[in-house]
Amino acid sequence: MGFSPSLLFYELREKLRARGGARTGAPNRPDHRPAGQLAWFHIDRLQDWPAVIELMNSLSDDLPDTSFLLTTEGAAPDDLPDGCAHEHLPPDLRGTMSEFMSFWKPDISVWFPQFLRPVAVQTCADLNVPLVMIDTGGVFEISQAWPFSPLLKRGLLRKFQKILSGDEATTIAIISAGARRSSVETTGTLQLDSPALPCNHAEWETMIELLAGRPLWLAACIDMAELRSVVAAHRQVLRKSHRLLLIIVPGNLDESDEFARILNDMGIRFARRSLDEDLEIDVQIYLADDEGEMGLWYRLAPITFMGRTLVGSTDASPNPFDAAALGSVVLHGPLVDAHSVKYQRLARAGASREIAQMGELGHALDGLLAPDRAAIMAHAAWQISSAGAEVMKRAREALIEVLETQKAQRK
C-alpha cells in the first residue's frame, strides 16, 4: 500500500486516539452488502444532509439499480431513504478501513467534507475506488487548515478524480494546496435553495412610488443596543447623501415603542409604519415595525446591515441568504456564529462586507453606496445564495459520469 512516512505518523496518532476511547464500538453493519453498484457518501455535518439526500434521490431516479451507503462521525439522520444503509465511519486506521472496504466494496467514494481522512482516502486510491469531493461549505477550510505535513495534504488531494468547488476563491486555494487543476471545477456550493421571503406586490409598488428613486439602506432585525450606533452611522453618511433613507426593522417588534422613544429623543425625523405615518421627503428614518414584511424590505434595499452581529443575541440574528437572495448586499459585524458558513461563502465571493465595531459602520456604508459597486456585490450575493438547483444538477451529472465509467471498466 502507498503509505508515506507522514501518513504512517498520522496513523500512529489515530491509534493513540482509538486507545483513548475515541470512536469505539462495533460497526452497525448489515449481514450482506447490497447487490449491484454501491455509492458511498460521507458527510461531516448533519446540517448538510438535506442537500445530500436530495442528490441521493436524484441519482436514484437516474440509476435505479444503485444502492447507497452513508457514513457519519455521529448520529445517523432520521430520514434515510430506501436503498441507503448507514454506518459510523470507522477509526481512520488501515485495519478498520480495509475491513470496511472489503465488506462494502464501494464503486465510488463521495465526500462532503469539513476534514480529510487520510487513511480512508489512501485506501480508496489503493483499491482504485474513484474519489469525488463536493463542496458544502468546508472545502476552503480543508485547503487552509492542516495539522500535518503539507506534502501529505497535497498527495491526498491529488487522489480525488473530481472536486466540485463552491467558488473561485476555493478553487484557487484547493489547487494551491495540491489538487490537480484538471480535477477541480467551480460549480457553486451544494445546497437546497430556500424559497425567497414573500412580498406583497401591491405594497412593493406603493413603496417604489413613494421612494421615487430615493437611495436607501436597511438595518434588519437590530438589537436595541445597536440602534444609536446605526442612527449615528446614518447621520454620518447623510452629510454626503442628503436624500438617503434608513429603514429600521427592530429585532423584537415588542420593543417598537421603545425604539420610537429613542429615535424621538435623538431628534431625528422618522415615520412609523405600524401607525401608517406618511413617508414624506423630510423623513430620514422609516421604522418598519409591522410583522412579516422582511421580503419587502430586502427587495427594496440595495444594502442591508444584519442586526445582532455586533451586539445582542447571535442566535436571533437574521439569515444573510434571505437578504442576498433578494439582491441586497450584506453588511455585518463579527458575531456570525448562527450562520458562519453562509457568511464565509459571501465573503469569499466578494458579496459582503464585515466591520469589527460599530464605529466603522458609517465608513463601510459610504463605501458601498456607489451604485456600480453595490450592483456587482449584489449580483455575487444572489449567485451564491440562489445557485442550488444548478449545482445539484452538475453534481448529479458528475457522479453519473464517474459511476458509468466505473461500471464499464468492471465489465
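Values quoted throughout were computed directly from the atomic coordinates according to the rules given, and no laboratory measurement underlies them. This is a predicted model, so every value here is computed, not measured. All Cβ positions, even for glycine, are placed from backbone atoms using ideal geometry, and neighbour counts span all protein chains on display.
Of note:
- Only Cα pairs under 8 Å and 6+ residues apart enter the sum, and on that basis the relative contact order of segment 201-386 stands at 23 percent.
- A convex hull fitted around the alpha carbon atoms of segment 201-386 yields 107 Å³ per residue.
- Furthest towards positive pole of dipole, G367, G333, G307, structure part segment 201-386, Cβ charges: G367
- In units of the rule-of-thumb radius 2.2 N^0.38 Å, segment 248-311 shows an alpha carbon radius of gyration of 1.11.
- Nearest-ten-degree value, helix 388-409 long axis tilted from longest Cα axis of the chain: 10
- Estimated from helical segments only, the mean residue ellipticity of the chain at 222 nm is -13000 deg cm²/dmol, where each DSSP H run of four or more residues counts as -39500 (n - 2.57).
- Here the average projected area of the convex hull drawn through the C-alpha atoms of segment 97-254 stands at 16.1 nm².
- For segment 296-411, the equivalent ellipsoid derived from the alpha-carbon gyration tensor has semi-axes of 36, 16, 12 Å in decreasing order.
- The long axis of helix 94-104 is offset from the longest Cα principal axis of the chain by roughly 90 degrees.
- Remark: the E390-H86 segment gains 106.7 nm on full extension, using 0.36 nm per residue and subtracting the alpha carbon distance.
- Whole-Å semi-axes of segment 1-127's equivalent ellipsoid (Cα gyration tensor): 26, 16, 14
- Point-to-point label distance, T405-A375, nm (Cα→Cβ direction, 7 Å offset): 4.1
- If R0 is taken as 56 Å, the Cβ-Cβ distance between I268 and D78 corresponds to a FRET efficiency of 0.65.
- Largest-first principal axis extents of the Cα set of segment 181-263 (Å): 59, 33, 32
- One decimal place: the segment R243-R158 gains 25.1 nm when fully extended, by the rule 0.36 nm per residue minus the C-alpha distance.
- Viscosity 0.890 mPa s, 25 °C: Kirkwood-radius Stokes-Einstein D of the chain over Cα pairs, µm²/s: 103
- Principal axis dimensions, largest first and in whole angstrom, of segment 26-101 by Cα: 35, 29, 18
- Cα long-axis angle, helix 224-238 against the chain (0 to 90 degrees, to the nearest 10): 70
- Percent RCO, i.e. relative contact order, over the chain, from Cα pairs under 8 Å lying at least 6 residues apart: 14
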